[in-house]
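Scroll down for the structure; my scribbles are underneath it.
The values are calculated or read from the model by the stated rules, or taken from the named source; none is laboratory data. Because the structure is predicted, anything quoted here is derived from the model rather than measured. Cβ atoms come from the backbone with ideal geometry, glycine included; neighbour counts cover every protein chain shown.
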Ligand code: NFS
Ligand code: SF4
């Protein structure tokens, strides 16, 4: 079987020049440790490492007496902590950049979306009267930063959730208090000899995940919109074919637009362009990998070179003059990989260095200056290019579906509203909405599950909203063009897409932008007609090819927000039937959402479609209503 559904990947894999790829290393790793894969390996203290025998023959408790469910729950909660920390620390950097924009205009940051600033300031109870934009921005940045170290809650953005949802969190005692506090408390409760009840461990797991989705990630998304603009529909291109033969290719890879936005400015700078021409290049071609690519795609229409599993292959084209990385999802192999080609790899974050790799520290205060310094490295490296092998494959897409964009697209710019969406769900043209998100994983053929799952969903009249590497996967397969509705969508969804002129699959951004989906779901509840909580909505979530701790945090905050969420590949919980059943069954009684795991896209789709059907039945919108013509008899009965 081919490694990927993407021909660009399969082509480049055939011609490796000695640098090992993620697929080769994955194969060399087989067989992988079964205890770890099942979630029942513990190395939290040094009486261990301990493992539970899933066949019931060997040890059933660790040296300290920890059961399988305690070990699995602690591991799971720690994954949430890792993921929530990553998203939230990103949010913190954005808040710092907003503060920098106010205090040091020379740094290069500007406030782009004042309407959003006023709105966000409102959530922080900042008085807007008689204040300058800069003062409001300063107060907003300081208030956002305070959310991280806050000791008593609730986090301010929690107020955006439907009341019924907030009451559930209140009752369970899982309303997040402070972003950092919830993450630290997981680490405390899961260290040796503290919380020994899987249900109680997971209450904190849920609270920390909510501090991510409705906290750190939402701070990142909203403040990025203030600084760099709220996305609206924009055309772009995707896949390795976007690399240029005759221009300087710069690939930004990682997550924080605080860096990539400045590279965008620097790459368009006249002085830089002139320098590029002086080296024989026709210009500067900026593209991206992973979520930082999604960020600049949504705001500038800048091309995406690929998703997570394509990072090495971008270098293997021989056409990348510099790859600029910041934080998260950057493979440790890149340093060695780039040594096989002319590509200059540059790390930029004080939090993320790599052995033997050039480091240019990017600071918010000298943002634009540093960005130019980095762009210069790429330009200087252009003449060193050897043979170039750029696959032809690339695809058009329309991206930029922020919650606000969906609002205006459906309701018109003067009366933005979710009413048309809700109406179309109620009348059954659209059966429901699915969020399909997350990573790639070499354990499963690249992009296959994303594309097949999403095709199945839209064929069943389910509108799909995407973020992250999953969004890039479906964009490459042509699912994010308005024409895709005609080709792939069911009759009802097709009709809606054609009327509005939108694709059946909406790209909403990076992984922190999953917070946009939370806001959209809340808006659907508020708009009315679909119940009074997120758990009443005919919606479902999926991460078909996940690999990162961040995906677990995202999955958990969707579940804790009331959404049925199915993961592919596997989940490290199957070594404890008790903990597995807790996630897959018991949670639904607590929070109205639950986890599931299915190996194939067909099974994932079936579970999601079934869930959406059940929710429609419960809402009483499952059957098409027949129009009844009242006769005199019936009218009389109505009056009585
Ligand atoms: Ni999300 Fe984005 Fe991709 Fe997975 Fe990594 S880039 S933050 S974690 S691999 S989707
Ligand atoms: Fe083993 Fe318990 Fe230590 Fe974990 S905490 S390594 S189960 S002794």
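Computed quantities for the displayed model
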quantity	calculated
Yes/no for residue 245 being out of contact with any helix residue (DSSP H, G or I) (no Cβ under 6 Å at 6 or more places or on another chain), surrounded by fewer than 18 Cβ atoms within 10 Å (Cβ to Cβ) and assigned to a helix (DSSP H, G or I)	no
Matching option when the condition is in contact with a strand residue (DSSP E or B) (Cβ under 8 Å, 6 or more places away or on another chain), on the phi < 0 side of the Ramachandran plot and free of Cβ contacts under 8 Å to residues at least 40 places away in the same chain, among 264, 248	264
Check on residue 465, closer than 26 Å to residue 623 by Cα and in contact with a strand residue (DSSP E or B) (Cβ under 6 Å, 6 or more places away or on another chain)	yes
Tally of residues being buried (at least 24 other Cβ atoms within 10 Å of the Cβ), at negative phi and not in a helix (DSSP H, G or I) across segment 539-564	11
Among residues of segment 1-37, those that are more than 30 Å from residue 78 (Cα to Cα) and in contact (Cβ under 8 Å) with a residue 12 or more places away in the chain, counted	18
Among residues of segment 398-412, those that are touching a helix residue (DSSP H, G or I) at 6+ places or on another chain (Cβ under 7 Å), farther than 16 Å from residue 522 by Cα and outside any loop (DSSP other than H, G, I, E, B), counted	4
Criterion (touching a residue at least 60 places away in the same chain (Cβ under 8 Å) and part of a strand (DSSP E or B)) met by exactly one of 463, 457, 493, 506	506
Filter result (more than 15 Å from ligand 2 (Cβ to nearest atom), more than 21 Å from residue 199 (Cα to Cα) and touching a residue at least 40 places away in the same chain (Cβ under 8 Å)) within segment 38-88	85, 86, 87, 88
Residues within segment 145-168 that are under 17 Å from residue 126 (Cα atoms) and either in a helix (DSSP H, G or I) or not assigned by TED's automatic domain parsing to the domain that holds residue 210 (or both), tallied	8
Extreme residue, surrounded by the fewest Cβ atoms within 10 Å (Cβ to Cβ), among residues of segment 428-454 that are in contact (Cβ under 8 Å) with a residue 60 or more places away in the chain and within 16 Å of residue 497 (Cα to Cα)	428
The listed residue being surrounded by fewer than 19 Cβ atoms within 10 Å (Cβ to Cβ), within 25 Å of the chain's Cα centre (by Cα), within 16 Å of ligand 1 (Cβ to nearest atom) and at pLDDT 95 or above, out of 81, 26, 85	26
Total residues in segment 520-538, condition more than 19 Å from residue 505 (Cβ to Cβ) and assigned to a helix (DSSP H, G or I)	8
Counted residues, segment 585-618 - those being closer than 17 Å to residue 557 by Cβ and outside any loop (DSSP other than H, G, I, E, B)	6
Single condition residue 120 does not satisfy, out of (1) within 16 Å of ligand 2 (Cβ to nearest atom); (2) under 23 Å from residue 404 (Cα atoms)	(1)
Residues of segment 286-303 that turn out to be touching a helix residue (DSSP H, G or I) at 6+ places or on another chain (Cβ under 8 Å) and more than 13 Å from ligand 1 (Cβ to nearest atom), as a count	7
Any strands (runs of 3 or more DSSP E) falling wholly within segment 276-365 and containing at least 2 residues that are within 16 Å of ligand 2 (Cβ to nearest atom) and in the same structural domain as residue 248 (by TED's automatic domain parsing)	none
Test: residue 396 is more than 16 Å from ligand 1 (Cβ to nearest atom) and not assigned by TED's automatic domain parsing to the domain that holds residue 516	yes
Residue that is surrounded by the fewest Cβ atoms within 10 Å (Cβ to Cβ) [pool: residues in segment 366-393 that are assigned by TED's automatic domain parsing to the domain that holds residue 263 and touching a helix residue (DSSP H, G or I) at 6+ places or on another chain (Cβ under 6 Å)]	368
